[in-house]
1. Considering region 192-216 alone, what residues qualify as being free of Cβ contacts under 8 Å to residues at least 40 places away in the same chain, within 15 Å of the chain's Cα centre (by Cα) and assigned to a helix (DSSP H, G or I)?
2. Within region 5-36, track down each residue that is under 18 Å from S288 (Cα atoms) and part of a loop (DSSP other than H, G, I, E, B).
3. Do we have F102 as within 29 Å of L61 (Cβ to Cβ), touching a Lys or Arg at 6+ places or on another chain (Cβ under 7 Å) and part of a helix (DSSP H, G or I) here?
4. Does T155 qualify as being among the hydroxyl-bearing types (S, T, Y), within 24 Å of I40 (Cα to Cα) and either at pLDDT 95 or above or out of contact with any Phe, Trp or Tyr (no Cβ under 9 Å at 6 or more places or on another chain) (or both)?
5. When residues of region 218-243 are filtered for being away from ligand 2 (no atom under 15 Å from the Cβ) and touching a residue at least 24 places away in the same chain (Cβ under 8 Å), how many remain?
6. Please enumerate the residues belonging to region 217-248 that are within 17 Å of A290 (Cα to Cα) and in a loop (DSSP other than H, G, I, E, B).
7. Residue check, G232 against (1) out of contact with any Phe, Trp or Tyr (no Cβ under 7 Å at 6 or more places or on another chain); (2) of a type in the set (G, A, S); (3) buried (at least 24 other Cβ atoms within 10 Å of the Cβ), all met but one. Which one?
8. Could we say that F286 is in a helix (DSSP H, G or I), within 21 Å of A214 (Cβ to Cβ) and touching a residue at least 24 places away in the same chain (Cβ under 8 Å) here?
Amino acid sequence: MVQIFEVGPRDGLQNEKLILGLDDKLWLLDALSKTGIQNIEGGAFVRPDRVPQMADSDQVLEKLNPTAADYWFLVPNQKGLERALSKGVKNVAFFTAVSETFNQKNIGMSVDESFAEIQSMMNIAKKENLKTRGYVSTVWGCPFEGRIQSSKAITSIEKMISIGVDQVSIGDTIGVANPNGVQEVLKPLLQNHQGDSKNQIAVHFHDTRGTALANALKALELGVEVFDSSVGGLGGCPFAPGAAGNLATEDLLYLFKEMGVQTGVNYQKLCETGMELSNRMKGKFFTSKALQAFIANCTKNTAWDS
Ligand code: HMG
Ligand code: MG
């Protein structure tokens, strides 16, 4: 059994100009939980003027049904963590990057400063009994510094793991990775973290150049068990120029279900959620190929679309 970690309500929406209303966000979080997805990102406690779509994360966290799924919220600094704690957050995601320039543009800190901030937040999170996730971005490439050496990326990921997060999510922020590069980074990491700590490693692929699904398949073959993806294929970081959507959850789930890889997620319910979200976003076109096929075939009940 592998785990799909849904990032659409945060990574998916954060790059969208159209602001989805609070009721629609709450509907989305609930609908995603009903597909069987257990881990769902609900928002981010970042500066509202920098990421307007996340400005209502306080209300989202206050109003969501906390028993429907494990809902996660990004916290960039102690101020963000305080905001999240005041609304009763249970699961928090820290974030930093391998490359200095992206980190500065994203959160206004050097990589070392952000690790120090994450360590301080981790101390608080432990006291508060929170579950923690740590994102490491720009693992294979940075929009400002270009290609990233695997050894440098591995050092940053190991640093995040050593801080003691329950899970580290390894990010191809701008969608430049390929399966060979994925192997180069993941193989040594998985060898170092065998056994019960293996679940610590998740992968987070963006699909800017169409390689996300191939990268996810390589990660699966290498033994990764947690995969980030976004409903419809929405997504991108506003501070990473040219980064397109995340790997679409529908495409990932289609691949897994056809390969017989168990996820506990209902494909039909997921596609229906994607269709309804598109309606609620004024008919926005979603890039997920599996979702497009589902929509085209949805009255025909084909063997593949259920
Ligand atoms: P800053 O301006 O450097 O912070 O922001 P500051 O400490 O200098 O404070 C300046 C003002 O901001 C102060 O207010 C603070 O109170 C306020 P003032 O006194 O002037 O009125 N402030 C805050 N307000 C609300 N929430 C906060 C907060 N912190 C300070 N948490 C900060 C630093 C990180 C907050 C800012 O740069 C920011 O919000 N950046 C946005 C980062 C972001 O959301 N990026 C996208 C998510 S990461 C991603 O997408 C990648 C990922 O998907 C993985 C992958 O794909 O690789 C995860
Ligand atoms: Mg991302």
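1. Result: Q200, A216.
2. Once the filter is applied, which keeps residues that are under 18 Å from S288 (Cα atoms) and part of a loop (DSSP other than H, G, I, E, B), region 5-36 yields V7, N15, E16, T35.
3. no
4. Against the criterion (among the hydroxyl-bearing types (S, T, Y), within 24 Å of I40 (Cα to Cα) and either at pLDDT 95 or above or out of contact with any Phe, Trp or Tyr (no Cβ under 9 Å at 6 or more places or on another chain) (or both)), T155 does not qualify.
5. Within region 218-243, the first condition is being away from ligand 2 (no atom under 15 Å from the Cβ), and the residues that meet it are 218-225.
Checking which are touching a residue at least 24 places away in the same chain (Cβ under 8 Å) leaves us with 218-220, 222-225.
Count: 7.
6. Answer for region 217-248, where residues must be within 17 Å of A290 (Cα to Cα) and in a loop (DSSP other than H, G, I, E, B): L234, G235, G245, L247.
7. Just one mismatch for G232, condition (1).
8. no
The values are calculated or read from the model by the stated rules, or taken from the named source; none is laboratory data. Owing to the predicted nature of the structure, the values given are computational and were not obtained by experimental measurement. With ideal geometry, Cβ positions are generated from the backbone for all residues, glycine too; neighbour counts draw on all protein chains shown.
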